[in-house]
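J.: Pasting a structure here, questions to come.
The values are calculated or read from the model by the stated rules, or taken from the named source; none is laboratory data. Bear in mind the structure is a predicted one, so any value in this text is a computation, not a measurement. With ideal geometry, Cβ positions are generated from the backbone for all residues, glycine too; neighbour counts draw on all protein chains shown. Side chains are part of the model used for accessible areas, which takes the heavy atoms of the whole protein and leaves out ligands, DNA and RNA. Shrake-Rupley method; radii C 1.70, N 1.55, O 1.52, S 1.80 Å.
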Amino acid sequence: MNQNMDIEKKSVEHKYDKGMVASTFIRYAAYIVIFFGFLYFIVRYVFPKF
């Protein structure tokens, strides 16, 4: 049952743009800041009126 087999080894390189990663991080960081700013506004100004 021993057979000679040719085995191909494939190397896959994942290329990504660091600028794209940084811009995505900045975008989501901005979303988080806006979200927490909105929550702060609601807690600080809207809740005391009830």
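J.: If you count only protein heavy atoms and use a 1.4 Å probe, how large is the accessible surface of F36, to the nearest 10 Å²?
T.: Solvent-accessible area, nearest 10 Å²: 120 Å².
J.: If you don't mind, there's one more thing I want to ask. Against the longest principal axis of the chain, how steep is helix 18-41, in degrees 0 to 90 to the nearest 10, with axes from Cα atoms?
T.: Computed tilt is about 30 degrees.
J.: On to the next question. What percentage of the solvent-accessible surface of the chain, computed with a 1.4 Å probe over protein heavy atoms, is contributed by carbon and sulfur atoms? Could the numbers behind the result be given before it?
T.: Numbers: 3780 of 5910 Å².
The computed percentage sits at 64.
J.: Tell me whether the chain comes out rounded, prolate or oblate; compute the Cα gyration tensor, take square roots of the eigenvalues as a ≥ b ≥ c, and use a/c under 1.5 as the rounded threshold. The partial results should precede the final answer.
T.: On the way: a/c = 16.54, a/b = 3.50, b/c = 4.72.
It is oblate, given that a/c is not under 1.5 and a/b is not larger than b/c.
J.: Excluding ligands, DNA and RNA, what is the solvent-accessible area per residue of the chain at a probe of 1.4 Å, expressed in Å²?
T.: Values: 5910 Å² over 50 residues.
So the chain comes to 118 Å² accessible per residue, rounded to a whole number.
J.: Looking at the chain, identify the longest residue range that excludes and avoids all trypsin sites (Lys or Arg not before Pro) in DSSP loops having at most 15 other Cβ atoms within 10 Å. Mind showing how you got there, number by number?
T.: Values: sites that count: K9, K10, K15.
Longest run free of exposed loop sites: 16-50.
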